[in-house]
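The values are calculated or read from the model by the stated rules, or taken from the named source; none is laboratory data. Here the structure is a predicted model, which means the values were calculated and not measured. Here the Cβ positions follow ideal geometry from the backbone for every residue, glycine too, while neighbour counts run over all protein chains shown.
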Amino acid sequence: MDAFSVSVANGLREPAMGKNKVLAIAGVFGGFQGAMPLLGWLCVRTVVSFFKAFEKWTPVVGFVLLLFIGVKMIVEAVKNKETGEEEKTGTGMGLLLVQGIATSIDALSVGFTIESYEFLPALVCSLIIASVTFGLCVLGVAAGKRFGMRFSKASQIAGGVILIVIGAEILIKGLFF
């Protein structure tokens, strides 16, 4: 659902994006969401002690990345609103990769729940996660684009706020639950 929400924010940010970019966004999120549990599974089976030390920091990393991206979106929208310029609101591949990592880093812990699986069942679980995420993200970008066309700069601010809220949710859930 984090990837879905960020997809909505990306659609809000760039309402005129083409079909290939929508598929690229969904592919990046689906890829990361599918790869992270498999990476967690591999970590548990190989370097558990290293991963345990890193695990407590994953919510903080996700929060910081999404906070940075969200604040950047809001600042760009406000700055462009004040200057009256048309902003370049594209979602570049670098930004998309950071979003993919930030929203999927907590999925590493899913590897713990499937650590008793052999490789093939673990791979199937990861592929299911990737497929569902891909579909949800296509829908999320479409929804964001639809609202982004109507509300322009306000939608970019809303997208930034969504990213910050998702980051805070990842942090709170990771630290307290």
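Brief remarks on what is shown
Conditions (1) aromatic (F, W, Y); (2) modelled with pLDDT of 70 or more; (3) surrounded by fewer than 18 Cβ atoms within 10 Å (Cβ to Cβ); (4) touching a strand residue (DSSP E or B) at 6+ places or on another chain (Cβ under 8 Å), marked per residue:
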position: V64; (1), (2), (3), (4): no, yes, yes, no
position: G70; (1), (2), (3), (4): no, yes, no, no
position: K81; (1), (2), (3), (4): no, no, yes, no
position: E85; (1), (2), (3), (4): no, no, yes, no
position: G90; (1), (2), (3), (4): no, no, yes, no
position: G94; (1), (2), (3), (4): no, yes, yes, no
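- Single condition P15 does not satisfy, out of (1) assigned to a helix (DSSP H, G or I); (2) over 22 Å from F119 (Cα atoms); (3) at pLDDT 80 or above: (1)
- V161 surrounded by fewer than 21 Cβ atoms within 10 Å (Cβ to Cβ), in a helix (DSSP H, G or I) and at pLDDT 85 or above: yes
- Consider segment 96-129 and keep the residues that are of a type in the set (D, E) and at pLDDT below 90. The one that is nearest to N10 (Cα to Cα) is D106.
- For segment 1-20, filtering for residues that are surrounded by fewer than 17 Cβ atoms within 10 Å (Cβ to Cβ) and out of contact with any Lys or Arg (no Cβ under 9 Å at 6 or more places or on another chain) leaves 4.
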